[in-house]
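Right, one structure below, let's go through it.
The values are calculated or read from the model by the stated rules, or taken from the named source; none is laboratory data. What you see is a predicted model, and the numbers here were worked out from it, not measured in a lab. Please note: Cβ atoms are built from the backbone with ideal geometry, for glycine as well, and neighbour counts cover all protein chains shown.
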Amino acid sequence: MKISLFITAIFITTYSIAQNKKSIEALKISKPLSIDGILDEDVYSISIPAKDFVQLQPNNGKPALQNSEVYIFYDQTAIYVGAMLYDEHPDSIFNYLSSRDNIGLSDYFGIYFDPYNQGQLAYGFFINPAGVQTDIKAIKTDHDYEDESWDAVWHSETKVTDKGWVIEMKIPYSNLRFPDRNIHTWGLNMFRNIRRYNSNNSWSFINKQISGFIHQQGELTGIKNIKPPLRLSFTPYAATYIEASGDKTNPEVIYRGGLDVKYGFNESFTLDMMLIPDFGQIQSDDKQLNLSPYELYYDERRQFFTEGTELFNRGDIFYSRRIGAKPKFADKAEDSLNENEIIVYNPSSTRLANATKISGRTTNGWGFGFLNAMSLAAESEIKDTITGIKRHLEVQPFTNYNTIVIDKTLENNSYISLINNNMTMANTPFRANVTATEFALRDKKKRYSLNGKGGISNRKNESHLVENGGFANIEIKKDKGNFIYGIEQEFLSKNYNPNDMGYLKRNNRLNTEISTEYAIREPFGIIREIYTGFDAEYNRIVDPGDKINHELGLWTFIRFKNNSVINPNISYSSKTNDYDETRVEGRYYSKSYHISYNFYYQSDFRKKFYYNFFIGGFNHPNTDENSSWIGLGLDTRPNQHLRLEYDINFRFDNNDNGFADLSDDEAVIYFGKRNVETIENELEIDYTFNNKLSLAFRARHYWSAVAYKQFFQLQDDGSLKNNVDYNENNDSNYNIFNIDTTLKWHFAPGSELSLAWKNEIFNEESNPIYGLENNFKNTFESSATNTFSIKILYYIDFQHIKNLSKN
């Protein structure tokens, strides 16, 4: 279970209680500690530990249910942490193995250092009883953002004893950014989770009813006369890929190599560079059939674009998946075909040549980020089936991507930012430029906030046509108390388009939203905590100035004392003039009002076996359109090493009216009444041999079948008229099957060896529609692509080499 799930859930805004900061003094040592999980060095007997942890939940502020003692030491190279986490029933400690950066279901201990003591940025080092490490960079935002993709290189050891469990850590200064001064006072907080109680505890009291947790930290004193080290590291990699496809006679062997470099300019800023990057082993995207007018959004999984990029999220204009994505002019290949020609190869992505980012924050609150990436030209291959002659067509030229952001921290956890995205292509007039700002202003008591975003886009296409657009968003919120509320207004002009380096579903909108939430965070009766909220939206299109619809929603989240969860919700949408489904500017489809509902349940996740399920649907009372969905998830941990998870989801859309086709001149828009059946199966098996070696297996099958029953012609008033002349076959049988298997060995700090097997089967047919059994059979008889790879990364710390040379 991700640590961010617990921190995001518990640090919610309400009221503030004045308190004195806790403080502990670090003890200087002349000899490095032996990191063996045994607190037997003499310095432990003369050091005063941090103790008296208090609960975050369930009973916020009350003493922790088990005692903890934490000792902190330092020398000229590192911070050392030793902890005795007492437990009256050590045989009840949740002690599961998991892969690195995944604490899993175990108990855990974590420590956050804020070397600038500004409550804006903290470095977290977490560990569980099995010795699994997780490192997190916490950044101050509305509810504090945690960058779990940040990786540090540190040493640790744990032991479970008859008194509880013991931790020792050595955290080299090269993992931290701190000011160059003689006397240091760092922000500090520590966390302990006791899973069997589902109890989260902290050393410095964290009031759940105050937004954020970093600024509620205590202090670490006593550190003197240390100097920021040279932060320079290299991570070269070498990889070999063997790809075998059903349509190829011989497997293709690909050799790749490259280098990652990290360099700290000073105590504030870091350069991170990839030379010839490789992302061939990341998890496959969960692709699906897309009948909507909107592009599907896929999460970023490439570490370079997830680590240390929190500043680039300002203004909602940066979507890193654009970098190295499908070639921008990939459709050119189909459009340029001559008679008797076929497409032999059309690239699904562009190849990155390099990527560089610089990021950091100064002592006076200025943050700066710069990201640049370059992709090589991409070409499709076209073949004449009669002559056999092949030709190549450029579908995206050499492309340069730039993002730059400046951020200033203000008083009362406020901030203001300015960000710019710029994309240019070689030998073409195409360019895209988007500039945006974002701010959050809070009063001294942090009771109210004013939040805003705004920006402009400027694009020139290949025909030299220039488009300019803009957007603005303003929100006023009450952030304190059990009852919070806010009102938000958003404007998106008709030509606003950030999608060359960002992601936006729709523009040309004027939306107003009111939201409320009431929370009871302290246990009562059988309930542990409860949240309920109400939302109302009013949506208009800017041009031609028409109402789209209004929506109402009511939701509730309840966690019971037995740690089961229910989450019911219901929503209503009025009659809707849908200007997107038609795919033609100015035309709309008028949909009747509908009501939707959903119910989610999760059993106690602390058990070796737990499950969740959801059920929901929506219907249009004035028509025969309706949908229903149901899903079940099973999760079991039969022993310390093994975890299995299986999920199955069903969705049935009956008599759904949706876009089917356009006439060549776009004057006639065809809609169809269709049944859509979707089934998704997913199986995950994780086996962790020890805290350095793990095996992960994931298989997913997705099937969506579309059967059209009747066709219509869209009228000017948004209604549908039966059309018996249209006879195209729009039925679809869409299948995708993926296997992602990775054996990963962390053979040295920051270094890893990974073996991976990826299998992909993709099959899409227009006819016929198979039943479930025949569908599976047909899928696995289709051509498959198998990729086997081995990759090694070796972390080289220049400071470590320098110290060795001195010795």
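Here are the numbers for this structure:
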{"item": "Filter result for Ile17 (modelled with pLDDT under 50, among the aliphatic types (A, V, I, L, M), surrounded by 14 or more Cβ atoms within 10 Å (Cβ to Cβ) and closer than 30 Å to Ile558 by Cα)", "result": "no"}
{"item": "Positions within region 505-535 being touching a strand residue (DSSP E or B) at 6+ places or on another chain (Cβ under 9 Å) and closer than 24 Å to Gly718 by Cβ, in sequence order", "result": "Arg506, Asn507, Asn508, Arg509, Leu510, Asn511, Thr512"}
{"item": "Qualifying position, being outside any strand (DSSP E or B) and among the polar types (S, T, N, Q), among Asn730, Asn681, Asn655", "result": "Asn730"}
{"item": "Enumerated strands (runs of 3 or more DSSP E) restricted to region 138-200, each holding at least 3 residues that are more than 23 Å from Ser233 (Cβ to Cβ) and either among the hydrophobic types (A, V, I, L, M, F, W, C) or not assigned by TED's automatic domain parsing to the domain that holds Asn20 (or both)", "result": "164-172, 183-194"}
{"item": "Test: residue in region 275-287 that is small (Gly, Ala, Ser), modelled with pLDDT of 85 or more and not assigned by TED's automatic domain parsing to the domain that holds Tyr448", "result": "yes"}
{"item": "Members of region 736-758 found to be in contact with a Ser or Thr (Cβ under 7 Å, 6 or more places away or on another chain) and under 17 Å from Glu680 (Cα atoms), listed by number", "result": "Phe737, Asn738, Asp740"}
{"item": "Qualifying residues in region 475-499 (those that are in a loop (DSSP other than H, G, I, E, B) and among the basic types (Lys, Arg)) - the one nearest to the chain's Cα centre (by Cα)", "result": "Lys480"}
{"item": "Filter result (among the hydroxyl-bearing types (Ser, Thr, Tyr) and assigned to a strand (DSSP E or B)) within region 684-723", "result": "Tyr687, Thr688, Ser694, Tyr702, Ser704, Tyr708"}
{"item": "Residue match in region 331-341 (condition: crowded, with 18+ Cβ neighbours inside 10 Å, farther than 28 Å from Gly258 by Cβ, in contact with a Lys or Arg (Cβ under 7 Å, 6 or more places away or on another chain) and modelled with pLDDT of 90 or more)", "result": "yes"}
{"item": "Scope region 72-120; condition part of a strand (DSSP E or B) and within 26 Å of the chain's Cα centre (by Cα); matching residues", "result": "Tyr108, Phe109, Gly110, Ile111, Tyr112, Phe113, Asp114"}
{"item": "Only one of Phe650, Phe618, Phe659, Phe614 that is within 30 Å of Asp101 (Cα to Cα), of a type in the set (A, V, I, L, M, F, W, C) and not assigned by TED's automatic domain parsing to the domain that holds Phe94", "result": "Phe614"}
{"item": "Qualifying residue in region 703-725 (condition: farther than 24 Å from Lys287 by Cα, out of contact with any strand residue (DSSP E or B) (no Cβ under 9 Å at 6 or more places or on another chain) and among the small types (Gly, Ala, Ser))", "result": "no"}
{"item": "Residue match in region 517-529 (condition: touching a residue at least 12 places away in the same chain (Cβ under 8 Å) and either closer than 17 Å to Ile595 by Cα or touching a helix residue (DSSP H, G or I) at 6+ places or on another chain (Cβ under 7 Å) (or both))", "result": "no"}
{"item": "Entirely in region 377-474, the strands (runs of 3 or more DSSP E) that have 1 or more residues that are at pLDDT 95 or above, surrounded by 17 or more Cβ atoms within 10 Å (Cβ to Cβ) and under 24 Å from the mean Cα position of the chain (by Cα)", "result": "399-410, 414-425, 431-442, 448-460"}
{"item": "Residue match in region 281-291 (condition: touching a helix residue (DSSP H, G or I) at 6+ places or on another chain (Cβ under 9 Å) and either surrounded by fewer than 20 Cβ atoms within 10 Å (Cβ to Cβ) or outside any loop (DSSP other than H, G, I, E, B) (or both))", "result": "yes"}
{"item": "Complete set of residues in region 36-50 that are buried (at least 17 other Cβ atoms within 10 Å of the Cβ), farther than 10 Å from Tyr71 by Cα and within 37 Å of the chain's Cα centre (by Cα)", "result": "Gly37"}
{"item": "Region 292-315: number of residues that are among the hydroxyl-bearing types (Ser, Thr, Tyr) and not in a loop (DSSP other than H, G, I, E, B)", "result": "1"}
{"item": "Residue in region 316-326 that is in contact (Cβ under 8 Å) with a residue 60 or more places away in the chain, surrounded by fewer than 21 Cβ atoms within 10 Å (Cβ to Cβ), in a loop (DSSP other than H, G, I, E, B) and within 17 Å of the chain's Cα centre (by Cα) present", "result": "no"}
{"item": "Selection count where residues are β-branched (Val, Ile, Thr) and under 27 Å from Pro115 (Cβ atoms), scope region 258-279", "result": "2"}
{"item": "From Asp656, Asp661, Asp604, residue being out of contact with any helix residue (DSSP H, G or I) (no Cβ under 6 Å at 6 or more places or on another chain), touching a residue at least 12 places away in the same chain (Cβ under 8 Å), closer than 30 Å to Tyr687 by Cα and not basic (Lys, Arg)", "result": "Asp604"}
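Let's see how each residue does on (1) farther than 28 Å from Gly658 by Cβ; (2) not acidic (Asp, Glu):
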{"residue": "Ile566", "(1), (2)": "yes, yes"}
{"residue": "Ser574", "(1), (2)": "no, yes"}
{"residue": "Asp580", "(1), (2)": "no, no"}
{"residue": "Arg583", "(1), (2)": "no, yes"}
{"residue": "Ser590", "(1), (2)": "no, yes"}
{"residue": "Phe618", "(1), (2)": "no, yes"}
